[in-house]
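The next block holds one structure in the form of structure tokens; read it before the comments.
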Amino acid sequence: MQSSLSLSFSPTSSATTISRSHHSFPLSTATKPLNLRFCGLRREAFGLGFSTSLNRNLHQQQLPRSQYSAVVPAARSDNGSTSGSSFDYDLLIIGAGVGGHGAALHAVEKGLKTAIVEGDVVGGTCVNRGCVPSKALLAVSGRMRELKSDHHLKSLGLHVSSAGYDRQGVADHANNLASKIRSNLTNSLKAIGVDILTGFGTVVGPQKVKIGSSDNIVTAKDIIIATGSVPFVPKGVEVDGKTVITSDHALKLESVPEWIAIVGSGYIGLEFSDVYTALGSEVTFVEALDQLMPGFDPEISKLAQRVLVNPRNIDYHTGVFASKITPARDGKPVLIELIDAKTKEPKDTLEVDAALIATGRAPFTEGLGLENVDVATQRGFIPVDERMRVIDANGKLVPHLYCIGDANGKMMLAHAASAQGISVVEQVTGRDHVLNHLSIPAACFTHPEISMVGLTEPQAREKGEKEGFEVSVAKTSFKANTKALAENEGEGLAKLIYRPDNGEILGVHIFGLHAADLIHEASNAIALGTRIQDLKLAVHAHPTLSEVLDELFKSAKVKEHASIPAEETSTFRIL
């Protein structure tokens, strides 16, 4: 599910002022996307995006089998060097984030001589400025919430003295975790013989990449672009890295402001609201759409708002743009000018201690030399087909060139990038593979967590109406789960969207304790084509949270005549 939200920003004067006592490097990118993107919303669910029509046209346009390498031996200690090759490498990957790392490991396993080009640091956004350090901060916020909740602790018979925290110690925890994971990734690449080439990679021609500013040109039979993304800063927003920050700066936790405005209530904004409120900040959301958490299933959003927003020190403005944000300076607070999202008329002016820009991410694709292979980006994204093969300006496939992860915009999630990279390696080693993006889960690590896979209910009903099938919904509550009740964490909901005629899972959405871990049973079922009538017979340990999913599948009403399609039967028997 990848969705787009078109926004325009224009400075304007304020109508009213809300004041409050007041009291990360500036982002510069040539890409100016016309839309904001929310992790977990896949464009395939809507039939949107630049690659959709091209994919249909290219569906039958397969490259000749000569494009693919012959099946090569298993990985060897010499990094799988193939004999008689006229290339420096079998596979060259531009970018050493999670996507590039996953592709490199799989490539060596398949016997490919592999190199990674990295112009920054190994680990990319996820390890250094995203998933990893943010989870360290969220681990702290989770503990703080537990220690501060007298009602929760007393219900368990516990008494704890007043909880406090050391800001620098919390920041160090996040930084140390990122350093550790970065080191682990680097060591794992070196251990299997992947060459790490330092410098910015530029495509200078077919199967040729220049490393850095020198004339060092490396050739490779196949090339994967995995350059990731950077925080998207809308027009009119001045980032100073101190009082007006992006997620990159926020992860350093250089301060905990008394009052912070978070622009955007998607995954990034929600997670940081969890961190800041747990550490004592007051939060104000600024959301362009008419409701908070627009990327989630509407029923889940409603429940999440009741639990994650309303009881906490959070207020919000919906249906407004932050048309101009000025950092704090000369003793003045951060100024945020709000305009109506529809009429563009002035609404309010906020005066806060800090502002976090959480309006999504933009692809990092400038300077890659794509023009040298006749490739034109679209809103900064590199167009690809369903096999991650790059499409040129004329709608044709560029031989031996692939793009994975945030740079192609199909699904801006680290694990999606890794899965795409593995899919590409499968292809170049002779096995055709198409990744089902609707089987890839997404999660928001708030307390409680939110997770999802597949379609939301509105998307599923729209699809059913178009394709002529019935859609049903089943739900179970965490309040009926023994393990959740033992933890005194019964607040939560699991929702299944499915076809009653054949038992196909269309989507699963979970809000509750450890939802991010629970979602994988559903995502794997979608990936393998497992039907609900089979899942009803699965056995789950008792008492565990997994029984939330067990009850969910058992509560689904699949019609008696429903059967597994013949072509899928052998797969299930093997499994």
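The values are calculated or read from the model by the stated rules, or taken from the named source; none is laboratory data. Model, not experiment: these values are computed from the prediction. Neighbour counts are summed over all protein chains in view; Cβ atoms, including those assigned to glycine, are modelled from backbone coordinates with ideal geometry. Heads up: the accessible areas ignore ligands, DNA and RNA and are worked out on the full protein's heavy atoms, side chains in. Shrake-Rupley method; radii C 1.70, N 1.55, O 1.52, S 1.80 Å.
Checked against the criterion of being on the phi > 0 side of the Ramachandran plot, open to solvent by less than 30 Å² (accessible area, probe 1.4 Å) and at pLDDT below 95, region 196-205 has at least one qualifying residue. Residues that are within 24 Å of residue 101 (Cβ to Cβ), assigned to a strand (DSSP E or B) and either open to solvent by 10 Å² or more (accessible area, probe 1.4 Å) or basic (Lys, Arg) (or both) within region 379-400 comprise 389, 398, 400, listed in sequence order. Taking the listed residues 227, 284, the one that is β-branched (Val, Ile, Thr) and buried (at least 23 other Cβ atoms within 10 Å of the Cβ) is 227, with no other qualifying. Looking only at residues of region 105-139 that are under 30 Å from residue 208 (Cα atoms) and among the small types (Gly, Ala, Ser), we find that the one that is surrounded by the most Cβ atoms within 10 Å (Cβ to Cβ) is 107. All conditions but one from (1) within 26 Å of residue 437 (Cβ to Cβ); (2) out of contact with any helix residue (DSSP H, G or I) (no Cβ under 6 Å at 6 or more places or on another chain) apply to residue 367; the one that does not is (1). Note on region 80-132: residues that are modelled with pLDDT of 95 or more and in contact with a Phe, Trp or Tyr (Cβ under 7 Å, 6 or more places away or on another chain) total 3. Between a first residue in region 303-328 that is under 19 Å from residue 234 (Cβ atoms) and a second residue that is hydroxyl-bearing (Ser, Thr, Tyr) and part of a strand (DSSP E or B), which pairs have beta carbons less than 9 Å apart while being 6 or more apart in sequence or on different chains? Matching pairs, first to second residue: 316/284; 317/284. Considering region 140-166, the residues that are surrounded by 16 or more Cβ atoms within 10 Å (Cβ to Cβ) and of a type in the set (A, V, I, L, M) include one that is nearest to residue 90 (Cα to Cα), namely 140.
The set of residues in region 212-227 that are within 26 Å of residue 130 (Cα to Cα) and either of a type in the set (Asp, Glu) or at pLDDT below 95 (or both) contains only 212. Within region 537-575, being open to solvent by 60 Å² or more (accessible area, probe 1.4 Å) and modelled with pLDDT under 95 holds for 559, 560, 561, 563, 566, 567, 570, 573, 574, 575. For region 357-378, the candidate set comprises residues that are of a type in the set (A, V, I, L, M) and surrounded by 17 or more Cβ atoms within 10 Å (Cβ to Cβ); within that set, the residue that is nearest to residue 207 (Cα to Cα) is 373. Residues in region 291-342 that are among the β-branched types (Val, Ile, Thr) and either closer than 30 Å to residue 460 by Cα or surrounded by 22 or more Cβ atoms within 10 Å (Cβ to Cβ) (or both): 300, 307, 309, 318, 320, 325, 334, 336, 339.
Where residues in region 247-263 are open to solvent by 10 Å² or more (accessible area, probe 1.4 Å) and part of a loop (DSSP other than H, G, I, E, B), which of them is farthest from residue 135 (Cα to Cα)? If we take residues in region 247-263 being open to solvent by 10 Å² or more (accessible area, probe 1.4 Å) and part of a loop (DSSP other than H, G, I, E, B), then 258 is farthest from residue 135 (Cα to Cα). Does residue 209 qualify as being among the hydrophobic types (A, V, I, L, M, F, W, C), surrounded by fewer than 24 Cβ atoms within 10 Å (Cβ to Cβ) and at pLDDT 95 or above? For residue 209, the condition - among the hydrophobic types (A, V, I, L, M, F, W, C), surrounded by fewer than 24 Cβ atoms within 10 Å (Cβ to Cβ) and at pLDDT 95 or above - is not met. Please go through region 360-378 and give me each residue that is outside any loop (DSSP other than H, G, I, E, B) and not basic (Lys, Arg), ordered by number. Passing the criteria: 362, 363, 370, 371, 372, 373, 378. Elements of the type strands (runs of 3 or more DSSP E) sitting completely within region 468-536 and holding at least 1 residues that are in contact with a Pro (Cβ under 8 Å, 6 or more places away or on another chain) and surrounded by fewer than 24 Cβ atoms within 10 Å (Cβ to Cβ): these cover 472-477. For region 344-356, the condition holds for at least one residue, the condition being that it is of a type in the set (Asp, Glu), part of a strand (DSSP E or B) and surrounded by fewer than 20 Cβ atoms within 10 Å (Cβ to Cβ). Residues of region 326-340 that are small (Gly, Ala, Ser) and at pLDDT below 95: 331 alone.
Take the residues in region 537-552 that are more than 24 Å from the chain's Cα centre (by Cα) and not in a loop (DSSP other than H, G, I, E, B); name whichever of them is nearest to residue 492 (Cα to Cα). In this case the residue turns out to be 548. Condition first: more than 23 Å from residue 171 (Cα to Cα) and β-branched (Val, Ile, Thr). Can you find one or more residues in region 255-277 that meet it? Taking every residue of region 255-277 in turn, none turns out to be more than 23 Å from residue 171 (Cα to Cα) and β-branched (Val, Ile, Thr).
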